[in-house]
1. Among the residues of region 420-436, write down those that are under 19 Å from R374 (Cα atoms) and assigned to a helix (DSSP H, G or I).
2. Tally up the residues in region 482-530 that are among the acidic types (D, E) and under 21 Å from I412 (Cβ atoms), please.
3. State all residues of region 461-491 that are touching a residue at least 12 places away in the same chain (Cβ under 8 Å) and assigned to a loop (DSSP other than H, G, I, E, B); if no residue qualifies, say none.
4. Which of the residues spanning region 361-378 are surrounded by 15 or more Cβ atoms within 10 Å (Cβ to Cβ) and part of a loop (DSSP other than H, G, I, E, B)?
5. Any idea which residue in region 44-80 is farthest from K297 (Cα to Cα), counting only those that are among the hydroxyl-bearing types (S, T, Y) and near the ligand (Cβ under 10 Å from one of its atoms)?
6. Need the failing condition index for P41 against (1) within 14 Å of the ligand (Cβ to nearest atom); (2) of a type outside the set (S, T, N, Q); (3) in a helix (DSSP H, G or I), just the number.
7. If I go through region 289-326 residue by residue, how many of them are within 28 Å of D422 (Cα to Cα) and not aliphatic (A, V, I, L, M)?
8. Could you tell me which residue of region 72-92 is surrounded by the most Cβ atoms within 10 Å (Cβ to Cβ), considering only residues that are within 11 Å of D106 (Cα to Cα) and charged (D, E, K, R)?
Amino acid sequence: MTREEYANMLLPNVLHDRKYYEEKYKKRNLKPGAMVTRIGPSPTGFVHIGTLYQAIVANKLAKQSEGVCFLRVEDTDQKRLVENGIEQILEAVKTYQIPFDEYPIDMESEVGEYGPYIQSKRVDIYQAFVKDLIIKDLAYPSFLTEEEKKEMTEKQQKRKQRIGYYGIWASKERSLTMEEVQEKVASGIPYVIRLKSKGSFENKVVIEDCIKGKLEFPENDMDHVLLKSDGIPTYHFAHAVDDTLMGTTHVTRGDEWLSSLPLHIELFQTLGFEPPKYAHLATIQKEEDGKKRKISKRKDPEANVKFYNEKGIPVEAVKIYLMTLANSNFEEWFLANPDKDINEFELHFENMSTSGALFDMEKLLNISRNYLSRITAEEFYNQILEWAEIYSQDFVEDLKTYKDIIIATLNIERNVVKPRKDYDMYSEIESNINYMYHFENPEYEWQKITEMKEIKNILQTYRTKYFNEEDNDEVWFNKIKDMCDELGYASNMKEYKKNPENYKGNVADVSTVLRVALTGRSRTPNLYDIMKILGKEEITGRIALLEDEA
Ligand code: GLU
């Protein structure tokens with residue numbers, strides 16, 4: 001039996017050979033220095049914030065170097081796949097408007113010349129390369145059962161040896177003759193294809209990581225599985241084939257993959273490929289009880305990108321925040337250039353954290369407040385509506401019915417040098433502003449002045465003597481001060497501080513009565529602006545609610 005015949009026996013249903021695929025995927029025609037980056041998420045659960053982070057970094061690096069960034073769904077681990085996993089990835093890409101150049105649109109269609117962009121559709125490609133390795137005696141079949149594997153592990157544990165399939169542990173199967181293999185195959189024993197590692201654990205492999213610098217590891221000496229018994233490759237093997245054929249220049253991924261690096265390097269070398277450059281990004285961490293730990297898929301709701309969508313934290317704010325995690329000098333640049341598109345900022349590996357990037361919710365919300373204070377009220381309204389249509393149907397109705405009032409409310413103190421920063425999530429807008437259009441059973445947050453008789457006195461005096469819808473801001477406030485003088489409250493705060501005993505209270509206490517009477521709340525944006533929006537009829541109606549109270 002020739003080695004070709006042998007390989008054909010082991011992988012009988014491969015449509016093309018290695019050469020076919022190497023010719024099919026042409027070298028990319030890009031200018032020197034252009035980076036080709038990708039992310040390779042696995043659809044094994046919800047989309048992790050770390051994946052979004054990697055997507056932003058990978059896209060940025062490609063765009064700023066006039067390169068290409070693509071999305072490749074890595075769904076070879078059939079056991080861990082979840083239903084809708086791929087859809088969740090595609091949805092997150094859409095929601096966060098990640099500008100991939102090449103990507104799957106859905107299970108059937110895609111954009112790009114280097115696809116398929118879903119690994120399970122590339123099985124023939126992987127098998128073609130495995131077949132080539134079998135012909136070259138760089139890979140071999142392994143018939144080890146689960147039972148035998150367990151036994152082997154137990155022995156290794158007992159002898160305090162490294163766990164895995166290597167050296168003497170692999171020698172028996174490595175040396176099976178083609179005839180012995182043929183016999184096993186003919187009798188239907190399932191098999192995987194393993195790498196015939198040439199590495200030695202005693203030797204070092206040195207890798208220059210773009211972020212972490214020079215790294216040194218023992219060489220890989222494990223005969224890792226390349227193809228599983230169902231013919232599906234492992235992620236390790238698939239990525240080496242894909243990143244080569246798809247022309248990846250820089251693999252940007254989480255540093256949890258560092259320990260696999262020696263294997264990956266050996267895979268590229270065994271395949272006769274030049275390994276890409278690697279840039280391992282520090283994982284996003286969280287501080288808990290003074291200790292840092294990786295943000296966890298199981299424990300932390302904020303690990304899921306959906307969390308931000310549900311809460312209504314703007315996509316743009318999340319993206320800006322992730323940029324601050326990516327590059328230490330981004331924040332400074334952003335503060336100096338608040339009106340620039342964040343795409344104008346250049347990311348550099350030197351400014352990326354080599355250890356953990358600490359997740360800070362407060363900081364994210366602060367970015368969100370800033371962002372929301374800088375967009376127009378109309379744009380803000382549209383974003384809220386878009387959010388509510390998915391997450392808060394009840395609010396949609398009010399948003400549509402009271403559109404003008406809501407936009408006007410969002411617009412209070414917006415187009416000024418220092419705009420108000422009242423809002424950080426769409427999910428909190430409704431409870432923040434609904435007093436503007438619903439005032440059926442207000443709960444009044446009275447402050448200093450709580451006695452109903454006095455409250456009524458103030459309100460009645462105001463309504464009958466001082467309220468005039470036409471007044472401008474200044475006149476309006478002067479009248480409140482006049483009213484204070486009339487009712488025995490200090491209109492001048494300095495005076496009041498000098499001799500508080502001379503007064504019933506001060507102008508702030510009186511304004512608060514008016515504010516609470518009209519909104520229920522003790523804290524609101526500018527009361528004058530609120531009154532302008534409410535209008536005379538609504539104002540007198542709201543005051544009457546209290547005046548008429550028995
Ligand atoms: N499929 C791997 C993951 O789920 C991607 C690793 C890589 O980017 O090489 O994280």
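Each value in this text was obtained by applying a stated rule to the coordinates, not by laboratory testing. Just so it is clear, the structure is predicted and the values come from calculations on it, not from any experiment. Because the Cβ atoms are built from the backbone with ideal geometry, glycine has one as well, and the counts that use them run over all protein chains shown.
1. Residues satisfying the conditions are Y426, S427, E428, I429, N432, I433.
2. Summing the residues that are among the acidic types (D, E) and under 21 Å from I412 (Cβ atoms) in region 482-530 gives 1.
3. Of everything in region 461-491, those that are touching a residue at least 12 places away in the same chain (Cβ under 8 Å) and assigned to a loop (DSSP other than H, G, I, E, B) turn out to be F467, E469, G488, Y489, S491.
4. I375
5. So the residue we want is T76.
6. (3)
7. 16
8. E91
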